[in-house]
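**Student:** Have a look at this one before I ask anything.
What follows draws every value from the coordinates through simple rules; no lab data is involved. Bear in mind that the values here come from a model prediction, so they are computed numbers and not experimental data. Cβ sites come from the backbone with ideal geometry, for glycine too, and all protein chains shown count toward neighbours.
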Amino acid sequence: MKSSMTLRLGASYHDREETFPVPEGWRLRVCPPAGRPVLGADEVARAFAEPVGSRPIRERAKGAKSAAILVDDFRRPTPAEPLCLAVAAELKEAGVPREEIRVFLGNGAHRVMSEAEAQQRLGRAYDEVGEVVSHDAFSPDMAFLGITSFHTPVLVNRQAAEADFSVSISTVYPHTLTAWGGGAKMVLPGITHVSTSRFHHTCHPRAEWGGDPDLNPARRDLEEAAALFGLDVSVCCVVGTAKELCGVAVGDPTLAHRQAVAWARAAYATDLGPVRPDLVIANAYPMDGDPTQLGKTEIPCRRGGAPILIVIDFADPCPWHGVYDGPREPYLRRNQPAVPTPTPELLAKADTFVYCPQFGNGYIPTNRNWYCESDWDRLMAAMTQRFPAANVTVLPAAPLQIPTVA
């Protein structure tokens, strides 16, 4: 019987493996996703040479004098460096001058990334383009492109909108609003004004986790926004549980996205087995950027029908989100709530437990019914009182996983 588990943590800033001891009375069942083989360099090159529903970038971009590469931010597990290098090489082959190729880090309504974070995100690609822009959703420097059929006003980063050619780079992953992330989502909310993001985030119903993107109104809305923007090509990735590249579809923004979704749906399928768990341990890797990502860890675990323990080590423990919290500076000046005490009463009634090294030191949960700890041994000593013996299911990359229940 296993008395420890090894998990990856810190995807966005201090990627590592850690081993966690668990109580002797716990019977662990580790349930990874089905997975896909890791791609070799030849397979990645073939994806760019044989795009889905499109000609290669080096052909499509001929005649363009400027180009925008939209890349998701540090909260996503996309292998940005090699893919940005590949896209930049294609654009240069097409004749786009290096100084007129700009990378736009699609922060959405999250905080702007620092220059150091941008350099870490892009690696060698940072110096292979003319400029790197970290998108600010509160900037007034926006271009109005029109209104979607869902009445979403589309205001986007003006510099990006003025480019002659555009390519998005992102990972597809299950999502509670748009069924799947990635693809056209790099336009909305990636580089839109906060007002556009707020309208889109609040006017669509919640979606099935990993559902059909073609039947999802929020997905169709953002794809209309991307069409208004004129997104030319999408590079859509499937990653493994250690952020390894397991699939890449290049081409028409919608067709490439759907191809990657088909791969991802199979790769992320997770068999929970026949035994109903008493507790689910959900690792937030590789979506452990900040507390706004916690839902991506929590939601798939609820299919187990048991209390959950989230393991997370944030890159940024601040829970600010521009859509819901307004401008960042006034938010940071507010009085922060008191750190909730992990009392015996809370231990007895909680259905969500959180292990976070930053709990009480940068991270304070908004949900006061969560039992949180920053010390693993102390948490295990407490949880042994609640679960002296338990069937425990472990999801090692919960935000990517689509659990099935027998």
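**Student:** Mind sorting Thr6, Thr178, Thr148 by how few other Cβ atoms lie within 10 Å of their own Cβ, fewest first?
**Tutor:** Details: Thr6 11, Thr178 26, Thr148 22.
Starting with the residue having the fewest Cβ neighbours, the order is Thr6, Thr148, Thr178.
**Student:** Of Gly190, Cys31, Ala143, which is farthest on the positive side of the dipole of the chain, counting Cα position, with +1 on Lys and Arg Cβ, -1 on Asp and Glu Cβ, and the Cα centre as origin?
**Tutor:** Cys31
**Student:** Give the Kirkwood hydrodynamic radius (Å, one decimal) of the chain, defined as one over the mean of 1/r across all pairs of different Cα atoms.
**Tutor:** Numbers: mean 1/r = 0.0459 Å⁻¹.
Averaging 1/r across every pair of different Cα atoms and inverting gives 21.8 Å.
**Student:** Can you tell me the FRET efficiency between Asp375 and Tyr13 if r is taken as the Cβ-Cβ distance and R0 is 25 Å, rounded to the nearest 0.05? Please report the intermediate quantities before stating the final value.
**Tutor:** Numbers: r = 21 Å, r/R0 = 0.83.
After rounding to 0.05, the efficiency reads 0.75.
**Student:** Apply the a/c threshold of 1.5 to the C-alpha gyration tensor of segment 41-267 and tell me whether it is rounded, prolate or oblate. It would help to have the intermediate numbers written out before the result.
**Tutor:** Numbers: a/c = 1.41, a/b = 1.12, b/c = 1.25.
Cα axes put segment 41-267 in the rounded bin.
**Student:** Right, something else. Starting from the Cα-Cα distance between Thr384 and Arg206, subtract it from 0.36 nm times their residue separation and give me the gain in nm to one decimal.
**Tutor:** Values: separation 178, 0.36 × 178 = 64.08 nm, distance 3.53 nm.
Result: 60.5 nm gained on full extension.
**Student:** Please name which of Ser66, Ala179, Tyr331 has its Cα lying farthest along the dipole of the chain towards the positive end, using unit charges on Cβ (Lys, Arg +1; Asp, Glu -1) and the Cα centre as origin.
**Tutor:** Checked the options; the winner is Ala179.
**Student:** OK, next. Whole-Hz Karplus ³J(HN,Hα) for segment 308-323, in order, using 6.51 cos²θ - 1.76 cosθ + 1.60 and θ = phi - 60°, x for Gly and Pro?
**Tutor:** 10, 10, 8, 10, 8, 10, 5, 6, 9, x, 6, x, 4, 9, x, 4
**Student:** Let me ask another. Within the chain, which is the longest segment that contains none of the GluC sites (Glu not before Pro) sitting in a DSSP loop with at most 16 other Cβ atoms within 10 Å? Numbers along the way, then the final one.
**Tutor:** Values: sites that count: Glu24, Glu162, Glu208, Glu244.
Of all site-free stretches, the longest is 245-406.
**Student:** List the residues, sorted by chain then number, that are 5 or more residues from Asp164 or on another chain and whose placed amide H is less than 5 Å from its amide H.
**Tutor:** For Asp164, the qualifying residues are Lys65, Ser66, Ala67.
**Student:** Ala264: net charge of surrounding residues, Cβ under 11 Å, Lys/Arg +1, Asp/Glu -1, itself excluded? Walk me through the intermediate numbers first.
**Tutor:** Working: positive: Arg36, Arg258, Arg265; negative: none.
Net of charged neighbours comes to +3.
**Student:** Note down the net charge around Arg219, summing +1 for each Lys or Arg and -1 for each Asp or Glu among other residues with Cβ under 12 Å from its Cβ. Spell out each step's value before the answer.
**Tutor:** Details: positive: Lys185, Arg220, Arg258; negative: Glu208, Asp212, Asp214, Asp221, Glu223, Glu224.
Charge balance near Arg219 sits at -3.
**Student:** Once phi is turned into θ = phi - 60°, what whole-Hz ³J(HN,Hα) does the Karplus curve with 6.51, -1.76 and 1.60 give for every residue of segment 281-291, x standing for Gly and Pro?
**Tutor:** Per residue, the Karplus-derived 3J(HN,Hα) values read 9, 10, 7, 6, 4, x, 10, 10, x, 7, x Hz.
**Student:** Taking only pairs that are 8 or more places apart or on different chains, how many Lys pairs in the chain have Cα atoms under 24 angstrom apart?
**Tutor:** 6
**Student:** Taking trypsin sites (Lys or Arg not before Pro) as candidate sites, keep only those in a DSSP loop with at most 15 other Cβ atoms within 10 Å, then name the longest stretch of the chain containing none of them. If you can, show how the numbers build up before the last one.
**Tutor:** Details: sites that count: Lys2, Lys62, Lys65, Arg206, Arg333, Arg334, Arg368.
Free of exposed loop sites, the longest segment is 66-205.
**Student:** Same structure again: I need the phi-derived Karplus couplings for segment 13-18: 6.51 cos²θ - 1.76 cosθ + 1.60, θ = phi - 60°, integer Hz, Gly and Pro marked x.
**Tutor:** 8, 8, 5, 6, 9, 9
**Student:** From Cα pairs below 8 angstrom and at least 6 apart in sequence, can you work out the relative contact order of the chain, rounded to a whole percent?
**Tutor:** Values: 952 pairs, mean separation 85.4, N = 406.
About 21 percent, as a whole number.
**Student:** A further question on this structure: Would you mind classifying segment 235-342 by shape? Square roots of the alpha carbon gyration tensor eigenvalues, ordered a ≥ b ≥ c; an a/c under 1.5 is rounded, otherwise it is prolate if a/b is larger than b/c and oblate if not. Walk me through the numbers before you get to the answer.
**Tutor:** On the way: a/c = 2.69, a/b = 1.27, b/c = 2.12.
Since a/c reaches 1.5 but b/c is at least a/b, the shape of segment 235-342 is classed as oblate.
**Student:** In addition: Can you work out the FRET efficiency for the pair Lys349 and Val275, with r the C-beta to C-beta distance and R0 = 35 Å, to the nearest 0.05?
**Tutor:** On the way: r = 25 Å, r/R0 = 0.70.
The calculated FRET efficiency here is 0.90.
**Student:** Mean residue ellipticity at 222 nm from the helices of the chain, using -39,500 (n - 2.57) per DSSP H segment of n ≥ 4 over the full residue count, to the nearest 500 deg cm²/dmol?
**Tutor:** The per-residue figure over the chain is -7500 deg cm²/dmol.
**Student:** For a quick check, take a GNM of the chain with Cα springs below 10 Å and name the residue from Val38, Val133, Val239 with the largest mean-square fluctuation.
**Tutor:** Val38
**Student:** Considering only Thr343, Thr176, Thr352, give the residue with the highest GNM mean-square fluctuation for the chain, with springs between Cα atoms whenever their separation is below 10 Å.
**Tutor:** Answer for the Gaussian network model of the chain: Thr343.
**Student:** Arrange Asp136, Asp288, Asp15, Asp351 by Cβ neighbour counts within 10 Å, fewest through most, would you?
**Tutor:** Working: Asp136 18, Asp288 30, Asp15 15, Asp351 12.
Final ranking by Cβ density, sparse to dense: Asp351, Asp15, Asp136, Asp288.
**Student:** Taking the Cα-to-Cβ direction at Glu131 and at Glu244 and moving 7 Å from each Cα, how far apart do the two end points lie in nm?
**Tutor:** 3.9
**Student:** Is the shape of segment 162-276 rounded, prolate or oblate, going by the alpha carbon gyration tensor and its root eigenvalues a ≥ b ≥ c, with a/c under 1.5 for rounded and a/b larger than b/c for prolate?
**Tutor:** Details: a/c = 2.29, a/b = 1.37, b/c = 1.67.
Because a/c hits 1.5 or more and a/b fails to exceed b/c, segment 162-276 counts as oblate.
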